[in-house]
Structure formats: structure tokens, C-alpha cells
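Please read the structure below before turning to the comments.
The values are calculated or read from the model by the stated rules, or taken from the named source; none is laboratory data. Since we're looking at a predicted model, the values are computed, not measured. Backbone-built Cβ (ideal geometry, glycine too); neighbour counts: all protein chains shown. Note: areas computed on protein heavy atoms with side chains; ligands, DNA, RNA excluded. Shrake-Rupley method; radii C 1.70, N 1.55, O 1.52, S 1.80 Å.
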Amino acid sequence: MGLLSSVMGFFGFGLGTSIGLVAGYYMFIYFQPSDVKDPIVRPLVEQDSSSLSRLMPEIPLWVKNPDYDRIDWLNKFLETMWPYLDKAICKTVKNIAKPIIAEQIPKYKIDAVEFDTLTLGSLPPTFQGMKVYTTDDKELIMEPCMKWAGNPNITVSVKAFGLKATVQVIDLQVFVVPRITLKPLVPTFPCFAKIFVSLMEKPHVDFGLKLFGADTMAIPGLYRFVQETIKDQVANMYLWPKTLEVPIMDPVKAMKKPVGILHVKVLKAFKLKKKDLFGASDPYLKLKLTEDKLPSKKTTVKPSNLNPVWNEEFTFVVKDPESQALELVLYDWEKVGKHDKMGMNVVPLKELTPDESKEFTLEVLKNMDPNDTQNEKSRGQLVVELLYKPFKDDEAPKDVEDENAVQKAPDGTPEGGGLLVVMIHQAEDVEGKHHTNPYVRLLFRGEEKRTKHVKKNRDPRWDEEFQFMLEEPPVNDRIHVEVLSASSRIGLLHPKESLGYVDINLSDVVSNKRINAKYHLIDSKNGRVQIELQWRTSS
């Protein structure tokens, strides 16, 4: 009887449930409530603050605060560059952390701390807006609002007492509003000497921490303790007005103005070392002031001469005679391939007495390392005459050259015309199908000029200068620059091939006086050529 009751009860439950579902479906489909009203449509300006917060919980700063500017371009830039920035930042973090860890682990009797994995994930930080302050001082102040809800994978292994523990950081969130100050602003690239970073409010930091596969942040009370500790520690170090100072360059040197002129007369050299196969050398000298970004100056080449006489004069602008030095590097000129370095020497300017000429006989050394035994070998001597003339009344003359200055055209330049100077510095990533022995060919107004060949080199350097005397400014002209490769073997099937070319419009050179840029080569996969162009006039 009990079994029969159970069976009847089961069938009764199933039948009742089915009937109820069917009845509910038909009531939902065929019976509509009659008291439904259309929603009230109201403009956003009429909504109260709580309603707006529910509608738009994440209003960017550039909408709420008119002082903040929208910087979507920066977010797009970070999104594109993030895979590369991720690798670069992680590499830098490892390099910085490695010596710090090595210094600290002996205090805690830890054998080793290593990064098993370190990646910032695929989600870049985003900037909600940026506020820029304008002051009368030589500084630039910016306050970006950064939010980063990333998916990093940071795994650190700690080894101690024969045991190994693995700690993993996941689900990182950082919301921070820093103040970044670039100062002082200086006329030397990158145009600021220091970076100062402060936090305008305590940062929000949230993350998960896995230890032995378990999320330790799930422990009651630990999450809030860790989060508040991090906030307090970071705030104590960098909350405004406290700052993190990052030096970029010495502001004193960056702001230094010229204080004098160094006159250099390269007299001669003797007993130079033989570099060529036939028992001679083709020496020339490069001269440069240390701490100066201007290109080196060089003497003429003296072919097949181990005792060359130059008697050539040069001038340099001096900014700090106490720290700067004249660097002299002797080369053996080669028609094909890289020029061989014969030796060098340096003359500190502090050894000179102002307004007094002094002659130096310098040993040609392999390098400036006093402990290098190869400097004991005789490589010859170099004779130069130096005269340092400081400016009077701390005023430099108006015609003192700077890093962007262009020399005047020589005497005899046509009136209304000038001298077009083309300097072929170097090329990068040039590659031929059959060989890569690059040289450069210039074509301008029917005149052709060529650099020397560099054998088997995808990143050749020439540093050769060519000049064109013109009756009028070349505002409507172009110069054709082509990188070619010539085979070093006689009778090869492919004796010459083009590695890429570029046509440069000279109107910008006439207006700017000087352009130094890298140009992408047409018909080349990744090739670029660096060319400096100058338009020199007599005025």
C-alpha cells in the first residue's frame, strides 16, 4: 500500500508541475498588464547627482573637470607600443632589482630570489586626462590621471633552507594621480635636466597574491592590511610636497654658454706606424672637443707618408675649460673599406694658460687606458700648437657657432647664390640580393659624386662631404641619393645593384639652413640613410 501511494504521489507531482508550467506560459504570452506606462525621458542636466552616478559610473576627468585635457592619442600610442614597452620595462625592472636583491637577501638568510616569469600582460594603462600648469619659471608641470587594471603574470621564487616557495602576483589594479615636473628647461636635448615626480593623493593599489597555489589575499583581514600598508608607505615617500628626483643631465653643463675659443694648429707627425701592405700609410687627423655634440673636424689626407706635415688650423668653441679636453684621433685612409685607426691622444684644456700659445709633442697611443701595456709600443709622435682665448666681460661674440649653426660660404660665392653642402654620414639595414658592398651616388643638376666603397657591411659609415656652388638658391630642385653595391669580384654575374634611393626636396634646406635626418630608402625593405644638408651663404 505504501509503494502504491509513493507511485501515485510521484505521478501527481509530475502532472501538476507540467500543467502549471503550461498555464504560466499561456498567461505570460496572452495576458498583458494594462497599467504599464511609457518611461519618462529627461535631459541629463535635469538629473540629480545620484542618478548620474548610476547612469555613468565612470565619467572621465576631462568631462568632469575643464582643467583636464583629453589625451586619447596617448592611450592609442600606449596600446600600439605596449607589447614592446612590456618587454623593455620588464628588462629594466630585472636589471634594477637584481643588485638590490643580491644586497638584501644575506640579511634574511635567503639563498636566492629569482623571477620565474615577469610580464605586465596585454592590457596597457589608460590616461583619463591630463592637467598642465603654466608658470613663469623654466619648468613644465603635468598631472596625468592614470588607471591600470592589468593582467600581469609576475612569479617570484624564493629559496631558503633547502625549500622553495613560489609567489605569484595577479589581477593588479593601480589608480594614481602623479605630478610630473620637468625642470629646469635647457637648450640642450632632451631640453630638461631633471624629472620630479610626486603623488597628489594616496594611490589605489589592488592585487591578488598566490602562495603555494592559494590566494593569500582571501585570508580575512590580510587584504585590507596589505593594501593600506602599501598606500601608507608609498604616500610617506612620494606624497606631495615630497618628490622622487630623476636626474637626466647636469643642469650646470646644459645651461653653460661659450666662454672662449680654442685655436688649434696641427703642425706635423713623424715616425708613424706602417699600416699599408706596401710599407706606408695615408694619415689624417680627426679633432673634437669632449662634451661637445658638434661633428669632428679633420685634416687633409697625406698619401704614402709616415712623416706628414699639415700646418692646418681649426677653431673650437669652449664652454668649460676645466673639464673639456681636445681629442685627437689619427686614421689611415683606405680607398676601400673602413679607415684604420692608428692611435690617439688627449690634451686637457686646463693645462693651457689663457692667451698663451703652447706647442705639444704627443705620443700616439692605442687608447687612453694608462694600464694598457700596448701603449708602451711606439706608434709615432704628433705635434700640435694650442691657444685658448677666453671671451672678455663674459660675452661671446655674435658669430660664435652653436650646435645648429651653419658656416658662412667662402669668398667668391656668387651674390644671391650659395654653397650646398651634402654630408653622407651612414646607412642602416641596407641589403643586396647578391652582395652588400655599399657606396652612395649623388646626382644633382647633371653632376655625379660618389663616396668610397665599404666592403660587406649592412650598416656602413662614410662621413664624406660634397659641395655644389650655385648661382641661386635651389628652392625648386631635388637631389637624388642612391645607395648601390658593387661586386668585389671580377666577372661576377651581378657586378652592381641598387640597394635603395631617395629624392630630397631642397626647399626646406634653403629655409632652415641645415637639416640632419635619416631617410627611408625606396625599393629597400628596412634601409635608411643619414644625410646632413647645409645651405651656406655669404650673409
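Key figures
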| item | result |
| --- | --- |
| Rounded percent of accessible protein surface that carbon and sulfur make up, the range 256-390, 1.4 Å probe | 50 |
| Segment Leu443-Gln233, extension gain: residue separation times 0.36 nm, minus the distance between their alpha carbons | 69.1 nm |
| Whole-angstrom Cα spans of the range 65-134 along principal axes, big to small | 54, 28, 16 |
| Inter-probe distance in nm under a simple model that places probes 7 Å from Cα toward Cβ, at Ser357 and Val259 | 2.5 |
| Selection from Asn457, Val510, Ser524 lying farthest towards where the dipole of the range 418-537 points positive, charges on Cβ | Asn457 |
| Among the listed pairs Lys109/Lys147; Lys265/Lys377; Lys273/Lys319; Lys274/Lys350; Lys164/Lys242, those beyond 31 Å (Cα-Cα) | Lys109/Lys147; Lys273/Lys319; Lys274/Lys350; Lys164/Lys242 |
| Square roots of five times the Cα gyration tensor eigenvalues for the range 256-390, Å | 27, 15, 14 |
| Cα-only radius of gyration and Dmax that characterise the range 418-537, units Å | 14.6, 47 |
| Area of Ser198 that stays accessible when all protein chains are in place (1.4 Å probe, Å², to 10) | 0 |
| For Lys408, solvent-accessible area (1.4 Å; no DNA, RNA or ligand), Å² | 140 |
| FRET E, pair Asn512, Asn367, Förster distance 51 Å, beta-carbon r, rounded to 0.05 | 0.85 |
| Probe 1.4 Å - accessible area at Arg514, Å² to nearest ten | 60 |
| Histogram of C-alpha separations across the range 135-183, 5 Å bin width, % | 5, 15, 13, 11, 11, 10, 11, 9, 7, 4, 2, 1, 0 |
| Lys pairs under 19 Å by Cα in the range 418-537, provided they are eight or more residues apart or on distinct chains | 10 |
| Packing rank of 522-531, 91-100, 431-440, 349-358, where each peptide gets the mean count of other beta carbons within 10 Å, highest leading | 431-440, 522-531, 349-358, 91-100 |
